[in-house]
């Protein structure tokens, strides 16, 4: 399915077969494509690049398609990696986290730090964190393949 080029987001680089590789939803997803292009929120004289996940209902392109600035895509990848790293060692805690210190990490970015923490405001956190941990474990092969690929590409780029 061809990604539309007549909407406000202007695709430059596309993956029009994302539905075939969308994790456990592969071949059964409404996320049909990915694109990197000119952001829909661009103002005159100010151009930003965004990443977009294109969703299709089967009849039309969905308003639930998501567009993210590139730094947020990377921030999400960093956030995911740090969370996954936490759960590799979480078995050491009775509740899979330290209730006295729910902050997992502070990751320095742009002169400040992104806090990664267990959401203790969630009244069902003790139950939900177990479910989250199990789901993360269930997806280990799926995520691991993508993280290895990302690692390889980053190394090839000199990072």
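When you check residue 146 against the structure, is it part of a helix (DSSP H, G or I), in contact with a helix residue (DSSP H, G or I) (Cβ under 9 Å, 6 or more places away or on another chain), without any contact (Cβ under 8 Å) to a residue 60 or more places away in the chain and surrounded by 12 or more Cβ atoms within 10 Å (Cβ to Cβ), yes or no? So that I can check it myself, show each step before the final result.
On the way: part of a helix (DSSP H, G or I): yes; in contact with a helix residue (DSSP H, G or I) (Cβ under 9 Å, 6 or more places away or on another chain): yes; without any contact (Cβ under 8 Å) to a residue 60 or more places away in the chain: yes; surrounded by 12 or more Cβ atoms within 10 Å (Cβ to Cβ): yes.
Answer is yes for this residue.
Evaluate the following for residue 53: is it crowded, with 17+ Cβ neighbours inside 10 Å, touching a strand residue (DSSP E or B) at 6+ places or on another chain (Cβ under 8 Å), more than 30 Å from residue 1 (Cβ to Cβ) and free of Cβ contacts under 8 Å to residues at least 60 places away in the same chain?
no
Does residue 24 satisfy the condition of being loosely packed, with under 13 Cβ neighbours inside 10 Å and over 22 Å from residue 144 (Cβ atoms)?
Here the answer is no, as residue 24 does not meet what is asked.
Please go through the stretch 8-24 and pick out each residue that is without any contact (Cβ under 8 Å) to a residue 40 or more places away in the chain and touching a strand residue (DSSP E or B) at 6+ places or on another chain (Cβ under 7 Å).
Of the residues in the stretch 8-24, the ones without any contact (Cβ under 8 Å) to a residue 40 or more places away in the chain are 8, 10, 12-22.
Within the stretch 8-24, 10, 12, 13, 14, 15, 16, 18, 19, 22 qualify.
Looking at (1) at pLDDT 95 or above; (2) touching a strand residue (DSSP E or B) at 6+ places or on another chain (Cβ under 7 Å); (3) not in a helix (DSSP H, G or I), which is the one condition that is false for residue 68?
(1)
Could you list all residues from the stretch 27-48 that are outside any loop (DSSP other than H, G, I, E, B), modelled with pLDDT under 90 and either surrounded by 13 or more Cβ atoms within 10 Å (Cβ to Cβ) or in contact with a helix residue (DSSP H, G or I) (Cβ under 8 Å, 6 or more places away or on another chain) (or both)?
38
In the stretch 79-104, which residues are touching a strand residue (DSSP E or B) at 6+ places or on another chain (Cβ under 6 Å) and surrounded by 13 or more Cβ atoms within 10 Å (Cβ to Cβ)?
Those that are touching a strand residue (DSSP E or B) at 6+ places or on another chain (Cβ under 6 Å) and surrounded by 13 or more Cβ atoms within 10 Å (Cβ to Cβ): 82, 86, 102, 104.
The values are calculated or read from the model by the stated rules, or taken from the named source; none is laboratory data. Everything quoted here is computed from the prediction, not taken from an experiment. For neighbour counting, all protein chains shown are included, and Cβ atoms are generated from backbone atoms with ideal geometry for every residue, glycine included.
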